[in-house]
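Have a look at the structure below before the remarks.
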Amino acid sequence: MEPTERERRMHESMHRMKNIRLCDLITDMTSAEFRLLFAIVDHAAETRKISELAELVGMQPAAVSRLMNSLEEKGLIERRSRAGNRRVTDVYPTDLGREVNERNKQAVHDYWTEVFENIPTEDADRLIVIWDEIMDSMERVLERRTRNQEEICP
């Protein structure tokens with residue numbers, strides 16, 4: 001495959017992938033709410049402040065706070081002031097939140113199982129390794145190029 005054809009096909013493939021919305025498998029939640037609820041449930045043994053959750057899901061604390069309002073209204077999480085320091089609020093999943101999280105995780109798992117059912121395991125595993133290598137390379141190149149651009153135009 002010629003480099004220009006590879007570039008075109010990669011761009012088209014990434015565009016198609018961006019348009020696949022796994023959140024459509026999840027009922028009554030946005031993908032951001034799903035990610036946040038997953039992080040809250042996954043780290044339920046540890047109390048989590050908003051700033052810690054924001055770092056876990058790669059969002060700004062203000063966005064996480066807004067999402068938590070929605071999750072709390074749905075009865076999926078609860079917030080409690082930390083004993084001894086009322087300025088710190090810890091977040092916990094409710095029983096309903098754990099149940100919804102498990103149901104959503106199962107829906108995503110079932111989706112991926114069906115996607116890969118006709119692809120040999122070795123091919124799927126190799127694809128993941130190659131995709132990780134591509135993503136690592138893309139991140140390195142983009143970081144280097146933006147750093148160089150900042151040095152040119154401070």
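For the stretch 1-26: of the residues being of a type in the set (A, V, I, L, M, F, W, C) and over 26 Å from His109 (Cβ atoms), which is surrounded by the most Cβ atoms within 10 Å (Cβ to Cβ)? Before you say what the answer is, go through the steps one by one.
Here is the first cut: in the stretch 1-26, the ones of a type in the set (A, V, I, L, M, F, W, C) are 1, 10, 14, 17, 20, 22-23, 25-26.
The next check asks that each one be over 26 Å from His109 (Cβ atoms); those that pass are 1, 10.
Values: Met1: 8, Met10: 12.
Taking the candidates together, the pick is Met10.
Kindly provide the set of residues from the stretch 47-60 that are surrounded by fewer than 14 Cβ atoms within 10 Å (Cβ to Cβ) and either over 17 Å from the mean Cα position of the chain (by Cα) or closer than 12 Å to Thr89 by Cβ (or both), ordered by number.
The one that is surrounded by fewer than 14 Cβ atoms within 10 Å (Cβ to Cβ) and either over 17 Å from the mean Cα position of the chain (by Cα) or closer than 12 Å to Thr89 by Cβ (or both): Ser51.
Matching residues to (1) more than 17 Å from Val108 (Cβ to Cβ); (2) small (Gly, Ala, Ser); (3) free of Cβ contacts under 8 Å to residues at least 40 places away in the same chain:
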| position | (1), (2), (3) |
| --- | --- |
| Asp28 | no, no, no |
| Gly58 | yes, yes, yes |
| Val64 | yes, no, yes |
| Leu67 | yes, no, yes |
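Any residue that is touching a strand residue (DSSP E or B) at 6+ places or on another chain (Cβ under 7 Å), surrounded by 14 or more Cβ atoms within 10 Å (Cβ to Cβ) and of a type in the set (Lys, Arg) - is there at least one of those in the stretch 74-89?
Scanning the stretch 74-89 turns up at least one residue that is touching a strand residue (DSSP E or B) at 6+ places or on another chain (Cβ under 7 Å), surrounded by 14 or more Cβ atoms within 10 Å (Cβ to Cβ) and of a type in the set (Lys, Arg).
Yes or no: Val141 surrounded by 10 or more Cβ atoms within 10 Å (Cβ to Cβ), among the aliphatic types (A, V, I, L, M) and either touching a helix residue (DSSP H, G or I) at 6+ places or on another chain (Cβ under 7 Å) or not assigned by TED's automatic domain parsing to the domain that holds Arg35 (or both)?
Values: surrounded by 10 or more Cβ atoms within 10 Å (Cβ to Cβ): yes; among the aliphatic types (A, V, I, L, M): yes; either touching a helix residue (DSSP H, G or I) at 6+ places or on another chain (Cβ under 7 Å) or not assigned by TED's automatic domain parsing to the domain that holds Arg35 (or both): yes.
In short, yes.
Would you call Arg35 under 23 Å from Asn101 (Cβ atoms), exposed (fewer than 11 other Cβ atoms within 10 Å of the Cβ), among the basic types (Lys, Arg) and within 18 Å of the chain's Cα centre (by Cα)? Please lay out each step first, then the result.
Numbers: under 23 Å from Asn101 (Cβ atoms): yes; exposed (fewer than 11 other Cβ atoms within 10 Å of the Cβ): no; among the basic types (Lys, Arg): yes; within 18 Å of the chain's Cα centre (by Cα): yes.
Considered against the rule, which asks whether it is under 23 Å from Asn101 (Cβ atoms), exposed (fewer than 11 other Cβ atoms within 10 Å of the Cβ), among the basic types (Lys, Arg) and within 18 Å of the chain's Cα centre (by Cα), Arg35 comes out as no.
The values are calculated or read from the model by the stated rules, or taken from the named source; none is laboratory data. All of these numbers come straight from a predicted model, not from anything done at the bench. Ideal geometry is used to build each Cβ from the backbone, glycine not excepted, and the neighbour counts take in all protein chains shown.
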